[in-house]
Each structure stands twice: as structure tokens, then as C-alpha cells.
Amino acid sequence: PELDLEAGFDRTIEADQRIEPRDWMPEAYRKTLIRQIAQHAHSEIIGMQPEGNWILRAPSLRRKSILLAKVQDEAGHGMYLYAAAETLGVDREELTEKLIDGKQKYSSIFNYPTLSYADIGVIGWLVDGAAICNQVPLCRCSYGPYARAMVRICKEESFHQRQGYELLLAMVNGTDRQREMVQESVNRFWWPSLMMFGPPDDDSPNSAQSMEWGIKRHTNDELRQRFVDMSVPQAEMLGVTLPDPELVWNEERQAHDYGTPDWDEFKAVIAGSGPANAQRIAHRRRAHENGAWVREAAQAYADKRAGAGA
Ligand code: FAQ
């Protein structure tokens, strides 16, 4: 019977249809999805911190309400994604524990500090831009609940990218000092944004299997290339320079050649020693501990209702 089930799973993948929570799936497929969705959910939640850092210092009421809305959206994305992970038989409490114990990863990008308000624009433009490039193909992921969560998330990410670009347009049309702030921020965020796509293909242990299963639809390097090609004309519009002397249009490939990200830095950051790793996890742990009373109260209420119903 296991063989029949496996053949059924293979047929569903082959036909490019969706696997749903109650369907049989290989344990390794389940494990890979839990790993990727949990990492994605944690990224949304930890990703609230770098921008949240500027809410109280936004330069106007308008900027503040935009930023508040964006950061709240990230919380929502984290919630959908934890819910998608829960359909695979794990629970959110367990995933949160793994995050704050450093046993599950979150995106490398959120381990860099936000040093000026220009960073809010650059994160929207480059970080949300990279997220969209990576996530639009995930709307066709073979696992139904993850694919469906991605549809709404991608729509909201598009709004995030536009708000970032709009902020940058305002700044580059402002004073020399504002233009310098934008360039300085682009210099810091460009390379870490390229690293969001993961290690190069020849050093990406999960890609081949995830592509076979229709979880990933493109390799890390394919999506990174797409992002570079998309960002170059946007940088020109803003009048900023991308900090890569090797960045040049390649007529033959009909794509840009670009330099090599510092993969040693990437490895250090995902191993936990990036500029802000310790601070991000400590903050998340504190928030989790301070929220214990809410979880206890919700549990007590649920128990009371269950008791009343019995
Ligand atoms: N950071 O074999 P691969 C957002 C790990 S967007 C940290 O290539 P895979 C929106 C990888 O987990 C950011 N770790 O792995 C937002 C694996 O380690 P493991 C979140 C990374 O899974 C914007 C190892 O390296 N988006 O949050 C990274 O096939 C603004 C080997 O790598 C997603 O998570 C990295 N950059 O491909 C929020 C998208 N790259 O687990 C707030 C969904 C790789 O074996 C503000 N995820 N690793 O110990 C994916 O598409 C994939 O998981 C990849 C990695 C492409 C990230």
C-alpha cells in the first residue's frame, strides 16, 4: 500500500497538481516543507525588527502610518505561514521555541542594522523586491496551503516595494544630503539583498530535490539573475549606483554580468555571527516571554469553554 501511495504522490507532482494536508506525502517532502515554511515565517516575524526600529522616528505622520501598516503586514504574513506549517503536523509554539533557541534559521538579510531612514526605502525597494522575485514562483509550489498563502503575501509585498521606491524617489528629489543617504544605504544593502536568494547553485544542497518536488520552481542563481536585471533600470531611474564594479550588460547572454557576493560573510551570518543576530533573537525571546500571560489567558479561556460544552 505504501508503494501505491507513493505512486499517487508522484503522479500528482508529475501532473503539476497540488498536494493537500490530508494527502500522503514522503516524510522527506514534509520535512523540507516544514523547514522552508518555518524559515520563511520566522523571517517575516524577525523582519519586523529592522523597520520597527524606525516607527517612533518616522519623519512625518504620513511616513509613520505607511511604515506601521507595512510592519503589521509582516506580522500577518508570519501568521499565515505558521498556519501553513501547522497543516504539516507541527505547532507554532514548537517552531517559535526552535527560532529562539537558534535551531531554525531566518533570512540572513534581517541580521543587518537599519542606520538611517533611507534604509526604510531601500528595504522596501531591494529587500521586498528580492522577496517578490523569490516568492512569485512559490505561488505555484506543489504544496497547496503554502502556494495559496503566497498569493496574498505577494500582493502585499508589491505594495511594500512601491512604498519603498516612492520614499526613495522623494529623497533623491530632495537635498544633496538626502541623495547621499540613499546612496549610502544602497551601498550597505545591495550585496546582502543578493544573498537572500541563497547560496550559489553548486553549493545549494536542497535545490535539486526541492525542484523535483515542485517546491522550488527556479534555482537560487536563476532568481538572483532575474533580480539583478530588474534592479539595474530601477537604480538608473533613482540615479543611484549599485556598488558592483563588475556589473555590466552582457549582449550575448541578454543579461547582466555581476560580481560575486562575499559567501564567507553569508555563511557567517547564517551561522549566527552577523552584525545583529544576537540582538534580533534576544528581542524575539523577550517578546515571547512577555507574551506568556496572553497565551495562558487564551488557554484558560479555551479550557473553560471546552468544559462548559462537555
Ligand atoms: N538566509 O540548499 P539551499 C521576507 C539556508 S523575504 C538564511 O539553497 P533552500 C519578506 C537554507 O535554509 C525572506 N538561510 O536552501 C520581508 C539551508 O539551510 P538548512 C524570507 C539561508 O531552502 C521583507 C542552507 O542555507 N523568504 O521575509 C538563506 O533550497 C521585508 C542551504 O541553502 C523566504 O524564506 C538565507 N538567505 O533555498 C519581510 C522564501 N539562503 O535549512 C520583512 C522561501 C539559504 O538546510 C521585511 N524560502 N539559507 O539548515 C526559499 O525560497 C528558500 O528556502 C531559499 C533557500 C531560496 C531561501
Note on segment 131-153: residues within 10 Å of the ligand (Cβ to nearest atom) and free of Cβ contacts under 8 Å to residues at least 60 places away in the same chain are Ile132, Gln135, Met150
Residue check for Leu126: crowded, with 18+ Cβ neighbours inside 10 Å, of a type in the set (A, V, I, L, M) and more than 26 Å from Gln161 (Cα to Cα): no
Away from the ligand (no atom under 14 Å from the Cβ) and assigned to a loop (DSSP other than H, G, I, E, B): is that true of Gly102 in this structure? no
Check segment 158-177 and report whether any residue there is part of a helix (DSSP H, G or I), aromatic (Phe, Trp, Tyr) and farther than 20 Å from Leu242 by Cα. yes
Every listed condition ((1) under 15 Å from Asp128 (Cβ atoms); (2) within 13 Å of the ligand (Cβ to nearest atom)) holds for Ile66 save (2)
If the requirement is being within 19 Å of His283 (Cα to Cα) and either assigned to a helix (DSSP H, G or I) or aliphatic (A, V, I, L, M) (or both), which of these qualifies: Leu67, Leu56? Leu56
Scan segment 174-217 for residues that are within 11 Å of the ligand (Cβ to nearest atom), in contact (Cβ under 8 Å) with a residue 60 or more places away in the chain and surrounded by fewer than 18 Cβ atoms within 10 Å (Cβ to Cβ) and jot them down. Pro200, Asp203, Asn206, Gln209, Arg217
Selection from segment 35-62 of residues under 30 Å from Ala7 (Cα atoms) and either charged (D, E, K, R) or more than 10 Å from the ligand (Cβ to nearest atom) (or both) yields Arg35
Among the residues that make up segment 105-113, is at least one of them more than 10 Å from the ligand (Cβ to nearest atom) and at pLDDT 95 or above? yes
Output for Cβ contacts, cut-off 8 Å, separation at least six or different chains, first residue at pLDDT 95 or above and of a type in the set (Val, Ile, Thr) in segment 15-42, second within 10 Å of the ligand (Cβ to nearest atom) and in a helix (DSSP H, G or I), reads Thr32/Gln209; Thr32/Ser210; Ile37/Leu81; Ile37/Tyr146
Determine whether Ile66 is in contact (Cβ under 8 Å) with a residue 12 or more places away in the chain, in contact with a Lys or Arg (Cβ under 7 Å, 6 or more places away or on another chain) and over 20 Å from Met196 (Cβ atoms). no
Considering only residues that are within 16 Å of the ligand (Cβ to nearest atom) and in contact (Cβ under 8 Å) with a residue 24 or more places away in the chain, look in segment 280-302 and name the one that is farthest from Gly102 (Cα to Cα). His283
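The values are calculated or read from the model by the stated rules, or taken from the named source; none is laboratory data. It should be emphasised that the depicted structure is a prediction, and the values quoted were computed from it without experimental measurement. So basically every Cβ, Gly included, is an ideal-geometry build from the backbone, and we count neighbours across all protein chains shown.
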